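Questions regarding the structure given below will be posed in turn.
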Amino acid sequence: MLEVRNLGKRFGGLAAVSDVSTKIETGKVNAIIGPNGAGKTTFFNLLSGVQKPTSGQILLQGRDITGLRADQIAVLGVSRTFQTTVLFNQASVLDNLIVGHRLRTKSGLLDVLIGSSRLKREEQICRDKAHAALEFVGLEKIATRLAADISQEERKRVAFALALATDPQLVLLDEPAGGVNPEETEGLAELIRKMVANGITVCLIEHKMNMIMSLADRIMVLNYGEKIAEGTPAEIRANPAVIDAYLGSEHAGV
Amino acid sequence: MDLFFQQVLNGLTLGGVYCLVALGLTLVYGVLHVPNFAHGAFYMAGAFVSFHLMTAWGWPYWLAMLGSAACVALLAVLAERLVFHPLRHASPLHPMIAAIGVLLFLEAAAQAIWGADFQRMQSPYTGIVDLAGVTAPVQRLLIIGAAFALVVIVHLFLTRTVTGSTIVAMAQTREGAALVGINANRVAMLTFALSGVLAAVAATLYAPINLVYPAMGHLVITKAFVIIILGGMGSVPGAIAGGLIIGLAESFGAFYVSDHYKDIIAFTLLVVILSLRPQGLFPNAAR
Amino acid sequence: MMRLNAKLGWIMLLVLGLVFPFLAGNDYHLTVMSTAYIYVLATLGLNLVTGYTGQYNLAHAGFMAVGAYTVGILTVDYQVPFWIAFVLAGPVAALLGFFIGIVSLRLKGHYFSIFTLCVGYILFLVIEKWESLTHGTVGIIGIPAPSPIGPLTFDSPRALYYLVFFFLVVGLWVMHRIVSSLLGRTFMAIRNGDDLAESLGINLMRNKLLAFMLSVFYAGLAGGLYAGFVRFLGPGIAGVEHTFDMTMYMLVGGIGTLLGPVLGGLTVPWITQTLQWLQEYRFLVFGPILVLLVIFVPHGIVGSFIAWRARKAAQPHGSGHA
Ligand SMILES: Nc1ncnc2c1ncn2[C@@H]1O[C@H](COP(=O)(O)OP(=O)(O)OP(=O)(O)O)[C@@H](O)[C@H]1O
Ligand SMILES: [Mg+2]
C-alpha cells in the first residue's frame, strides 16, 4: 500500500524522525509503537502531508507522494485521525460528519449561488456517507446529539467515522484508544478489525500493549526517531532491543 | 553628515520607546499565546496617569513615572486575572476579542476622565545640547538613556534571576514551564505587571515630545506588533533588535523618503517581510 | 417543524423590515435603521470569514472603505454614473482581497489578525494621505444619490431605506445559501482546525481565499451603499474601530450564525441611539459587555439558542430531523 524510504524530519537540531524505511501492507493492521516523544505522531504527519519531510521518499501504491499537501494526499485515499479529537461542539454529530465526504464532491460557489442540481445531489451523497459512516462505527443512534454532549469513546468513534467518510484506502489512527477504558478499548479494537475486513488498510499508533499485541499483524518500533525493530507481535515481544528501549521489565510479560 | 546623525538620534529615541513597548508585548505573548491588543491601552493609560499626577497633583516627573508604572502594573494584573485567566482554555479568537474589549473600555474611560483633546505633558528637561553639530533635545537623550537602561535591567532580570528565567521559560514553551513545576498563575501575573510597567515608563518618557490623547496607543501598539513579528513572538532579543530596526527605519524613512508616509513604513515592512517569509525573520526564535 | 419555525421567523423579520417605515416616527429613525442595515451587511461578511471560517480579519472596515471610495471617487471625480460605480464596489474590494488574501492567509491564526490589522492601517493611512486620489482628510463631498431605475427614485429617506433593505435581504439570502451548503461546511471545517480540515482533503488556501474574498465583497458592497446613502466620505470609515464595532455586533448576536450579526447589528446601534449619553462613551459599557460575552456567552444569543434547541431535539422523546 505505502512504502517509506529513508524518511527523515528535523526540527532545528532535533531529528524527530530519522532514516525510517518501512512498508505498510495492504489489508493488514500495521502498528507503530514507541515511547513518548519517539516521533510517532511526526511520522504520521509526514505520511499524511501535514508536515514536509526533510529527507526521504513516500510512495503510495508505487506513486511518489513526497511533498504533496495533506489535502492532496487525502484525495489519494489516505485519511487519518488525530491524537486529540477536535469536533465542533455546537453542532450535531451528523453535522460534524457531513463535510467528511466533501473531498469527493465538486460543487463550488457557482453551484451554491444558482442552487444547482449537482449541489443538491452531492449534498445528499455527503449526508448518506455520513450516515453510513456513523452506522459503521455503531453510532447511528446519536446522530442528532450535540457533539459537546458525547463521551470520550463516542468521540473516538466519530473521529473514525470522519476518516471513513472520505472513502479511504488507508487509515492512519493516532492513539485511537487513548483515554478510554478497557472494555471500550476492546470495542474499538473490534471496530478496527471490522475496518480491515471491509478492505481498508489500517496503520495505528498505540501505547496499549494488550490491544496492539492482539490486533496488529505487523509492528514497527520507533525510538528517538529511529526504527529499532519491526516484525510480528511475537517477534517484537522477543526482541531484546525493544524490551530495553520500551517494553521494560514490567511490560515484558504482557 | 550631521543630518545623518540627527536621524540616528531620532531613530534611537523612537527605537527605545518601541523596545520597551514591544518587550512587554512579547513577554505577555509568551504567557497568553494571543496578541494582547489591550497593551496599547496600557501605554495610553501610562501617559494619562503620569500626566494627571503631574498636572493635578503636582508630582515631579520621575515620581509621576513611578506612580504611573505602579498603577498600570496593577491595571495589567487586573486584566490578566479578570479577563485573560478565565479564557486560557478558550479558542484563540476569544481572548483576542476580549483584549479588544479591554482596549475599548480603557480608551472610553480615558476619554470620559480626561476628554478627547490632545494634551501636552511638560517635562522638566526642555534644554537642548549641541553634540558636535547635532542638536539634541535633552528629553530625547533622556529617552534613549532611560529606555536602554531599563532594557538592560529587564534583560538582567530575565537572565540572572530565577523569577526572570521562569518568565522566559514560559515565553518559550508553556509545556516546558509546566514540566519544571512553575506556578503558571504567579508568572502570568508577574509578566503582565512587568509589561504594564514597561508600557507606562515608555509612555511617560515619550509623551513630552509627543501628545497625550486616548487613541495614542493605536499606532504604537501596532508597530510593536510589527516588531515582535519581525523579532519572533516571545523572543526578548528579537523585540529589542526589532524595536531598533523599526525606530531607525522610520526616522530615516521620514527624512529620506517621505515624512508624510512615515507611519506606513513599519506596516509596509511587515507586509513585505511576511509575504516573503511567512514564518517571520527569525522563525526559530519564535518557539 | 424546526425548519418551519425558522422560516416563519425570517418571514416575520422580513415583514417587520417592510413595514418599518410606516411605524417609524420620523426620517431620523429611518436613517438610523438604514445605517444599521449597511453595517449589518458588512458584518455578514466579517462573520463569514471570522465566525464561519475562523480567520479574524481586522481590516474589514478598510475593505468597506475601499468599496465606498470606489463609488465616491468614480462618481465625483470621474463622473461615472452611480450604478456603474456601485456595481464595481464589491468586485474592487474582492480583487484587493485576492491579493491581500494570497499573502496573508498563509499565516496561521493571530499572525493573520496582526497582519490584517496592519493592512487596515495601511488602507486608512493611504486614504488619509493620498490626497490627489482620495481628497485626504477633507473627504469626498457631494456623492450623487443613487440615480433612478425606471420608475424607482431614491431621493427620499424612505426610498433609500428600501434600497438598503433590499440589498440586506439579498445579502442575507445569499449568505444563507453559502453557509448552509457544502461550501459553508467546508469553511466551518477550517474554523474547527486547519490540520483536521486539510486531512479531510480540503484545500486550505483555496477555501480560505474564497471565504475572504466573499467576505470583503460584502464589505465593499456595504461601502458602496454607504457612499450612496451618506453621500460624504472621510478616512474615518476605514478606522479599525468600525471593525471592532462589527465584531461586537457579531458577538452579541452570535458569532458563526446567520441571524447573529442581524440581531447584534440592529440592537446595539439602537441601544446607543436610545441612550444618548452613551454615544460618545459607548465602549465604557460595551467594552466590558464584550469581555463578559466572550467569557460567559461565547456563542452569543443566537448561538446559545441554537445549541439549546439542538440539545432538546436530541433528547430521546423529541427525536426527529432538525
Ligand atoms: N512542530 C514541532 N517543532 C519542534 N519539535 C517538534 C514538533 N513536533 C514534534 N516535535 C518534537 O519531536 C519529537 C517527536 O514528537 P512526536 O509528537 O512525534 O512524538 P510521539 O512519538 O507522537 O509522542 P507521544 O507518544 O507522546 O504522542 C518530540 O521530541 C517533540 O518535542
Ligand atoms: Mg504522538
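How large is the Kirkwood hydrodynamic radius of the range C:28-321, in angstrom, based on all distinct alpha carbon pairs?
One over the average 1/r among Cα pairs gives 19.6 Å for the range C:28-321.
Can I ask one more? So, in nm, how far is label C:Glu131 from label B:Leu276 when the simple model puts each one 7 Å beyond its Cα toward the Cβ?
3.3 nm
Sticking with this structure for a sec: Test of understanding: in a Gaussian network model of chain C with alpha carbons linked when under 10 Å, which of C:Gly54, C:Gly109, C:Gly239 would top the mean-square fluctuation ranking?
Fluctuation is largest for C:Gly109.
Between chains C and A, what is the buried accessible area in Å², counting both sides, with a 1.4 Å probe and ligands, DNA and RNA left out, to the nearest 100?
Separately minus together, C and A give about 3000 Å² buried.
A further question on this structure: Suppose R0 equals 51 Å. What FRET efficiency, 1/(1 + (r/R0)^6) with r the Cβ-Cβ distance, do A:Arg10 and B:Asn210 give to the nearest 0.05?
After rounding to 0.05, the efficiency reads 0.60.
With springs connecting C-alpha atoms under 10 Å apart, model chain C as a Gaussian network and identify which of C:Gly142, C:Gly72, C:Gly223 has the largest mean-square fluctuation.
Top of the fluctuation ranking is C:Gly142.
For chain A, what proportion of DSSP beta bridges, expressed in % and rounded to the nearest 5, is antiparallel?
Working: 20 of 36 bridges.
For chain A, the DSSP antiparallel bridge percentage is about 55.
Assign unit charges at the C-beta atoms only (+1 for Lys and Arg, -1 for Asp and Glu), then state the dipole size of the protein assembly as shown relative to its Cα centre in Debye, rounded to the nearest 20.
1060 debye
Which order do peptides A:182-195, A:128-141, C:35-48 fall in by mean Cβ count within 10 Å, highest first?
C:35-48, A:128-141, A:182-195
In nm, to one decimal, how far is the B:Ala184 label point from the A:Lys106 one, both placed 7 Å along Cα→Cβ?
Reported label-point gap for B:Ala184 and A:Lys106 is 4.9 nm.
Let me ask another. Tally the DSSP beta bridges in the protein assembly as shown and give the antiparallel ones as a percent, rounded to 5.
65 percent
Buried accessible area between B and C (1.4 Å probe, both chains summed, ligands and nucleic acids excluded), in Å² to the nearest 100?
The buried area between B and C, both sides summed, comes to about 3700 Å².
Also: The range C:239-264: which residues show an accessible-area loss of 40 Å² or more, assembly versus chain alone, 1.4 Å probe?
Flagged in the range C:239-264: C:Phe244.
Ignoring everything except DSSP H segments at least 4 long, calculate the 222 nm mean residue ellipticity for chain B; use -39,500 (n - 2.57) per segment, divide by total residues, nearest 500.
Roughly -23500 deg cm²/dmol at 222 nm, from the helical runs in chain B.
How far, in degrees from 0 to 90, does helix A:182-197 lean away from the longest principal axis of the Cα atoms of chain A, to the nearest 10?
Tilt relative to chain A: about 70 degrees.
If R0 is 30 Å, what FRET efficiency do you get for A:Arg127 and A:Arg193 from their C-beta distance, rounded to 0.05?
So the FRET efficiency works out to roughly 0.65.
Still on this model: Nothing charged except the Cβ atoms of Lys and Arg (+1) and of Asp and Glu (-1): what's the magnitude of the dipole of the range C:28-321 about its Cα centre? Round to the nearest 20 debye.
Roughly 800 debye, rounded to the nearest 20.
Further question: Using a Gaussian network model on chain B with a 10 Å cutoff between Cα atoms, which of B:His39, B:His260, B:His52 fluctuates the most?
Comparing B:His39, B:His260, B:His52 in a Gaussian network model of chain B, the most mobile one is B:His260.
Amide H neighbours of A:Thr54 under 5 Å, counting only residues 5+ apart in sequence or on other chains, H built in-plane at 1.01 Å?
A:Gly8, A:Lys9, A:Arg10
Dipole of the protein assembly as shown (Lys/Arg Cβ +1, Asp/Glu Cβ -1, origin at the Cα centre): which of A:Leu97, B:Pro124, C:Leu284 lies farthest to the positive side?
My answer, from the dipole projection, is A:Leu97.
Mean residue ellipticity at 222 nm from the helices of chain A, using -39,500 (n - 2.57) per DSSP H segment of n ≥ 4 over the full residue count, to the nearest 500 deg cm²/dmol?
So the helix-based figure for chain A works out to -11000 deg cm²/dmol.
Shifting gears a bit: Shielding by partners for B:77-87, please: the mean number of other protein chain Cβ atoms within 10 Å of each residue's Cβ.
On the way: counts 0, 0, 1, 0, 0, 3, 5, 2, 1, 4, 4.
Taking all residues of B:77-87 together, the mean is 2.
To continue, here is another question. Mind pulling up the Rg/Rh value for chain B? Radius of gyration and Kirkwood radius, both on Cα.
0.96
Roughly how tilted is helix A:117-136, in degrees to the nearest 10 and between 0 and 90, from the longest Cα axis of chain A?
40 degrees
Which whole number gives the average count of other chain Cβ atoms within 10 Å of the Cβ atoms across peptide A:140-147?
4
Largest first, what is the accessible-area ranking of A:His207, B:His218 with a 1.4 Å probe?
Output order, biggest surface exposure first: A:His207, B:His218.
Summarise the partner chain shielding of A:71-80 as one whole number: the mean count of Cβ atoms from other chains within 10 Å of each residue's Cβ.
Across A:71-80, the average partner-chain Cβ count within 10 Å equals 4.
Please report, as a whole percent, how much of the solvent-accessible surface of the range B:64-112 comes from carbon and sulfur atoms (probe radius 1.4 Å).
Summing carbon and sulfur atoms, their accessible area is 75 percent of the total for the range B:64-112.
Along the charge dipole of the range C:28-321, Cβ charges K/R +1 and D/E -1, which of C:Trp308, C:Pro148, C:Thr137 sits furthest on the positive end?
Going by the Cα projections, it comes out as C:Trp308.
If you fit an axis through the alpha-carbon atoms of helix A:152-165 and take the longest principal axis of the Cα set of chain A, what angle between them do you get, 0 to 90°, nearest 10?
70 degrees
Ratio of alpha-carbon Rg to the 2.2 N^0.38 Å globular estimate for the protein assembly as shown, to two decimals, please.
Relative to the 2.2 N^0.38 Å estimate, the protein assembly as shown comes out at 1.02.
On a full-extension model of 0.36 nm per residue, what is the gain between C:Val170 and C:Val15, subtracting their alpha-carbon distance, rounded to one decimal in nm? Mind dumping the intermediate values first?
Working: separation 155, 0.36 × 155 = 55.80 nm, distance 1.46 nm.
The span from C:Val170 to C:Val15 would gain 54.3 nm if fully extended.
Mean Kyte-Doolittle hydropathy of 0.0 or higher plus an axial Cα length of 24 Å or more: which whole DSSP H helices in chain C meet both?
Span-like helices, by this rule, are C:2-23, C:27-46, C:60-78, C:82-104, C:109-129, C:157-179, C:204-230, C:278-296.
Output the relative contact order of chain C, whole-number percent, from Cα pairs under 8 angstrom with separation of 6+ residues.
Once normalised by length, the contact order is 31 percent.
Still on this model: Mean Kyte-Doolittle of at least -0.5 plus a Cα span of 30 Å or more along the axis: flag which DSSP H helices in chain B meet both, please.
Those that pass (Cα extent of 30 Å or more, hydropathy at least -0.5) are B:2-32, B:93-114, B:138-160, B:184-206.
At a 1.4 Å probe radius, carbon and sulfur cover how many percent of the accessible area of chain A?
50 percent
Which residues in the range C:238-271 place their backbone N less than 19 Å from a point set 7 Å from the Cα of C:Phe305 along the Cα-to-Cβ direction?
Residues passing the 19 Å test: C:248-271.
Assuming R0 = 22 Å, what is the FRET efficiency of A:Asp217 and A:Ala238, from their Cβ-Cβ distance, to the nearest 0.05?
E(calc), rounded to 0.05, equals 0.85.
Continuing with the same structure: Cα centroids of the range B:118-153 and the range B:200-258: how far apart, whole angstrom?
16 Å
The values are calculated or read from the model by the stated rules, or taken from the named source; none is laboratory data. Because the structure is predicted, anything quoted here is derived from the model rather than measured. Quick reminder, even Gly has a Cβ in these numbers, built from the backbone with ideal geometry, and neighbours come from all protein chains shown. Please note that ligands, DNA and RNA were not included when accessible areas were found on the heavy atoms of the full protein model with its side chains. Shrake-Rupley method; radii C 1.70, N 1.55, O 1.52, S 1.80 Å.
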